[in-house]
1. Can you name the residue in the stretch 229-251 that is assigned to a loop (DSSP other than H, G, I, E, B) and either open to solvent by less than 40 Å² (accessible area, probe 1.4 Å) or of a type in the set (D, E, K, R) (or both) and is also nearest to residue 294 (Cα to Cα) among such residues?
2. Could you check how many residues of the stretch 109-131 are open to solvent by 30 Å² or more (accessible area, probe 1.4 Å) and either of a type in the set (Lys, Arg) or touching a Pro at 6+ places or on another chain (Cβ under 9 Å) (or both)?
3. Which residue out of 209, 313 is of a type outside the set (S, T, N, Q), out of contact with any Cys (no Cβ under 7 Å at 6 or more places or on another chain) and either at pLDDT below 95 or open to solvent by less than 10 Å² (accessible area, probe 1.4 Å) (or both)?
4. Of (1) in a helix (DSSP H, G or I); (2) open to solvent by less than 30 Å² (accessible area, probe 1.4 Å); (3) touching a helix residue (DSSP H, G or I) at 6+ places or on another chain (Cβ under 8 Å), residue 226 satisfies all except one. Which?
5. For residue 202, only one of the following conditions fails: (1) small (Gly, Ala, Ser); (2) open to solvent by 10 Å² or more (accessible area, probe 1.4 Å); (3) more than 30 Å from residue 291 (Cβ to Cβ). What is its number?
6. Looking at residue 106 and the list (1) in contact (Cβ under 8 Å) with a residue 24 or more places away in the chain; (2) outside any helix (DSSP H, G or I); (3) open to solvent by less than 50 Å² (accessible area, probe 1.4 Å); (4) of a type outside the set (Ser, Thr, Tyr), which single condition is not satisfied?
7. Could you please let me know if residue 180 is more than 24 Å from residue 257 (Cα to Cα), out of contact with any Cys (no Cβ under 8 Å at 6 or more places or on another chain) and of a type in the set (Val, Ile, Thr)?
8. Residue 287: touching a strand residue (DSSP E or B) at 6+ places or on another chain (Cβ under 6 Å) and either on the phi < 0 side of the Ramachandran plot or without any contact (Cβ under 8 Å) to a residue 60 or more places away in the chain (or both), yes or no?
Amino acid sequence: MNSKHLAAAAIALFALTGCAADKSKEKVMESKEKVAETIVNPENINLATIVGEEKPAGRVELYDLGDFKLHVYYTQDVMNDASYIIEGADSVVTMEEPLFMVNVNEFGAYLAKIGKPVARRITDYHLGGTADHEVLMAKGMPAFVKGPVYGGMMKSFEQAFGDTMTDLPTGKEDEVDFDTKEVFAGVPFEFRHGASTDFPAASILIGGKAYYTHWTPAKAHMSHLQLSSRAAVDAEIAEAERELNSGAVLFIGGHGGAATRDAVEFKIAYLKTIKHLLATADTPDTFVAALTEAYPSLPAADGLPSLAAALYK
């Protein structure tokens, strides 16, 4: 199966996520402090030299956030997944380890080169190549990933991607309550409720400086996989506003990697434009035309017909 076919299969299969049930609205911890507009610049890591590969499958950015370092591993796979290493003084935490074997091996080699023990492996929205290692998941997610929505999606992935995909994890699954703070590798992790129309996983504030959600905010048209209904528009606005008020300076996600505050601000404005157009555009075609006119040069415009179909069903 070539890369174009893999990408098409991934997108079609991942559409199963739209079936996820809404989560109940619960109290969410939020920082009341005014956020400084801090720009954090990454160091681009020479992955080829570190892991001894001529043409690495992924790439790495390193952010020094003072009390800890954040390694962002861009898998560059068909689903645009990203994995993370949070490096403390004496140990590290991994988050959302990769799904495909080529990335699992590369990520593992890079992790080994850091040379510090793994204090915790966090699996939030994405199962990955954690093998038989113990993982930490948000309360309720171990059961959800074995259920018909997520479990069915993973079986479909196995059929589509075959042995290019890693074996599903077999390690012990610990659960962490929402609205709680845990400290791993000397870094605090706050586990908050994510968007109510997404999987029942967590948005995580890391060290008070990096905010993790399922999808990295981006200056691009949003996918119908993220905005699968009109209710999702409101849910994503609410979540983005929580991001913006979290005190974080860096915003990361399971899809997309790392972004800064201006991307979150753009996302909120974009979603509010969509909400306005849904109230004024009578048909999917007029919605697409109006959104294209509002953002004439925005990337990912080829996905607008699918987005309109989801929002007008």
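1. Taking the stretch 229-251 as the starting set, the residues that turn out to be assigned to a loop (DSSP other than H, G, I, E, B) are 229, 245-249.
Narrowing the set further to residues that are either open to solvent by less than 40 Å² (accessible area, probe 1.4 Å) or of a type in the set (D, E, K, R) (or both) leaves 229, 246-249.
Values: 229: 21, 246: 29, 247: 30, 248: 29, 249: 28 Å.
Selected residue: 229.
2. So in the stretch 109-131, the residues open to solvent by 30 Å² or more (accessible area, probe 1.4 Å) come out as 109, 112-121, 131.
When the remaining residues are screened for being either of a type in the set (Lys, Arg) or touching a Pro at 6+ places or on another chain (Cβ under 9 Å) (or both), the result is 113, 116, 120-121, 131.
Final tally of qualifying residues: 5.
3. Numbers: 209 fails: either at pLDDT below 95 or open to solvent by less than 10 Å² (accessible area, probe 1.4 Å) (or both).
Residue meeting the stated conditions: 313.
4. Status for residue 226: all satisfied but (1).
5. Exception for residue 202: condition (2).
6. (2)
7. So residue 180 fits the description; yes.
8. It is false that residue 287 is touching a strand residue (DSSP E or B) at 6+ places or on another chain (Cβ under 6 Å) and either on the phi < 0 side of the Ramachandran plot or without any contact (Cβ under 8 Å) to a residue 60 or more places away in the chain (or both).
The values are calculated or read from the model by the stated rules, or taken from the named source; none is laboratory data. Quantities reported herein were computed from a predicted structural model and do not represent experimental measurements. Methodologically, a virtual Cβ is constructed for each residue, glycine included, from the backbone with ideal geometry; neighbour enumeration extends over all protein chains shown. Just the protein is used for accessible areas: all its heavy atoms, side chains included, with ligands, DNA and RNA removed. Shrake-Rupley method; radii C 1.70, N 1.55, O 1.52, S 1.80 Å.
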